[in-house]
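Let me begin by presenting the structure, written as structure tokens, before commenting on it.
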Amino acid sequence: MPHDVWFVVAAIVLMVVGGVFAAVDTAVSTVSNARVDDLLKDHRAGARPLMTILRSRGTYVGIAVLLRVVCETAAVALIAVAATDSIGVGWGLLLAIGVMAVVSYVAIGVGPRTLGRQHAYSIALASAVVLQALGVLLTPLTRLLILIGNALTPGKGFRNGPFATEVELREVVDLAEASGVVAADERRMIQSVFDLGDTNAREVMVPRPEMVWIEVDKSVAQATSLAVRSGHSRIPVIGENPDDILGVVYLKDLVAHSTRGEASSILVRELMRDAEFIPDSKPLDKVLADMQRTRNHMALLVDEYGGIAGLVTIEDVLEEIVGEITDEYDLDEVAPIEELDDGRYRVSARLSVEDLAELVGIEIDEDEVETVGGLVGLALGRVPLPGADVESNGLRLTAEGGPNRQGRQRIITVLVTRLAQDPDDEDAESRDGGDTDDETDRDAGGEQRSRGEGYSGADDRRDRERGSRHRDRDPSRAGSKDRS
């Protein structure tokens with residue numbers, strides 16, 4: 001009996017130590033490099049070893065996890081031995097499992113992790129020296145166990161294990177919003193930074209039919225007039241056709257020569273600068289990094305066939321983080337979403353089907369089109385015109401618009417109305433997987449083809465110069481625009 005008491009005492013001590021490692025694990029995962037750097041400048045005790053730990057955060061978090069598991073497992077084993085000696089194997093194991101499940105959940109799973117988040121910096125600073133010393137001893141063992149785990153896990157593993165991931169950082173941001181540390185807009189902005197690497201340039205580009213461009217043999221006066229009318233400070237210069245981009249002309253260069261009285265005698269080819277070409281599949285975080293490195297604020301996108309897909313500006317990239325940026329030239333923009341008093345929505349024909357599904361709270365599982373205008377065209381079976389009315393995915397979609405300056409009929413907005421579904425129809429829809437009649441097209445320029453039959457930017461230069469910007473946006477953001 002006395003040795004059973006010592007087993008219980010040892011198990012309690014191990015549970016306490018395991019809880020400490022759980023708190024350290026959470027604290028090290030939570031602290032930020034920037035804040036620790038400030039603490040280092042203030043000469044806080046433990047800041048220097050903590051900064052060393054953060055340089056290999058995943059390794060040290062893995063060590064804390066390993067020690068926590070060892071303590072927890074050893075405690076369970078000791079309690080099981082003590083219980084089986086006292087009341088027998090059957091009831092002893094049952095009692096050990098029940099008691100240790102509750103104690104482990106509270107003493108290691110909830111309490112220490114909560115403290116680790118609430119007092120992350122205090123705990124991390126206090127434990128940094130000890131954790132760093134343990135790292136010297138246990139890093140080889142931890143990496144060996146991670147290699148074994150990665151070998152047994154399907155797919156490509158992680159060098160430092162799955163202990164410090166982007167998902168955890170996102171959860172920290174959500175927790176900060178829930179606790180009132182950051183506002184909802186700030187949380188959305190932080191999450192947008194994470195999403196930047198998952199968004200490619202094609203999703204935010206100005207599609208080629210809507211680009212404002214000028215021929216290489218035009219004069220400075222003509223280019224200046226075009227820049228003033230379009231409101232763009234950078235204009236692509238083309239040769240034989242819009243696929244033949246020769247360079248980019250800047251409004252500052254045009255104005256400089258216009259003030260000298262040379263506007264009519266100098267051609268655009270003499271002032272244009274080299275254009276930057278990038279693949280349309282390039283992630284936006286890399287696009288932004290390249291623009292910062294080259295000090296270039298506009299790039300032409302090349303599709304997989306070698307043609308010009310569109311263009312993207314640094315403002316397009318920044319808007320993915322901070323939301324829409326409007327200026328004095330964006331007065332005629334259509335808001336992507338307008339909620340009407342009768343429960344209906346008026347949405348831009350350029351709104352992505354994904355955003356529409358999120359707006360109305362239904363699943364639209366389509367792959368052929370990406371915009372609401374494309375959805376109308378797919379359901380209609382022909383090029384949609386203003387007044388077209390279709391039903392798709394439990395929604396009534398009514399196309400709205402009118403003639404442009406050239407007299408061509410174009411869809412501008414779509415009126416979205418929910419249809420009342422019969423319960424039998426809903427059951428049938430749930431059985432067949434929610435099949436739908438319309439599909440979404442994810443190419444930023446794809447919705448250009450759904451606006452009006454025979455519409456082409458090459459046939460209508462003035463319409464291209466008006467270019468209104470395509471953007472797949474979060475439904476909460478303001479209207480999109482075309483800016484080059």
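Any read-out appearing in this document is the output of simple, stated calculations on the displayed coordinates, not a laboratory observation. A quick note: this is a predicted structure, and the numbers were derived from the prediction, not measured. Every residue, glycine as well, gets a Cβ built from its backbone with ideal geometry; the counts of neighbours run over all protein chains shown.
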Item to check | Under-5 Å amide H pairs with S392, H placed in peptide plane, nonlocal only | outcome: L397
Checklist entry - What nm value, rounded to one decimal, do you get for the distance between I148 and L175 when each label is placed 7 Å out toward the C-beta? => result 3.0 nm
Checklist entry - About the Cα centre of the stretch 2-164, what is the dipole size in debye to 20, counting +1 per Lys and Arg Cβ and -1 per Asp and Glu Cβ, all else neutral? => result 720 debye
Checklist entry - Can you give the FRET efficiency for F277 and R382, using 1/(1 + (r/R0)^6), R0 = 35 Å, r = Cβ-Cβ distance, to the nearest 0.05? => result 0.50
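Could you please tell me the mean projected area of the C-alpha convex hull for the stretch 201-322, averaged over all directions and given in square nanometres to one decimal?
Details: hull surface 30.2 nm².
Its average projected convex-hull area is 7.6 nm².
Give, in nm to one decimal, the length gained when the segment between D195 and L137 is fully stretched (0.36 nm per residue of separation minus the Cα-Cα distance).
Values: separation 58, 0.36 × 58 = 20.88 nm, distance 3.78 nm.
Net length gain for the segment: 17.1 nm.
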Item to check | T73 versus R269: modelled label distance in nm, points set 7 Å from Cα along the beta carbon direction | outcome: 7.5 nm
Item to check | Rounded to 5, percent antiparallel among DSSP beta bridges of the stretch 201-322 | outcome: 75 percent
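Among the trypsin sites (Lys or Arg not before Pro) within the stretch 196-263, which fall in a DSSP loop and have no more than 11 other Cβ atoms within 10 Å of their own Cβ?
For trypsin sites (Lys or Arg not before Pro) across the stretch 196-263 that sit outside H, G, I, E and B with at most 11 neighbouring Cβ atoms in 10 Å, the list reads R260.
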Checklist outcome for this item: Once the dipole of the stretch 2-164 is set up from charges on Cβ (+1 Lys and Arg, -1 Asp and Glu), the residue from the list L137, V16, A45 lying farthest towards its positive end is A45
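When ranked by the protection proxy of mean other Cβ atoms within 10 Å per residue, highest first, what sequence do the peptides 46-54, 306-314 form? Mind showing how you got there, number by number?
On the way: 46-54: 19.6, 306-314: 21.1.
My ranking of the peptides, most packed first, is 306-314, 46-54.
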Item to check | Spread of Cα-to-Cα distances over 5 Å intervals beginning at zero, given as percent, for the stretch 65-136 | outcome: 3, 14, 18, 19, 15, 11, 9, 7, 4, 0
Checklist entry - Of all GluC sites (Glu not before Pro) in the stretch 300-402, which ones are in loop regions per DSSP and have a Cβ with at most 16 other Cβ atoms within 10 Å? => result E304, E328, E363, E368
Item to check | Label-point gap, in nm, between N33 and D389 - each point 7 angstrom along Cα→Cβ | outcome: 5.9 nm
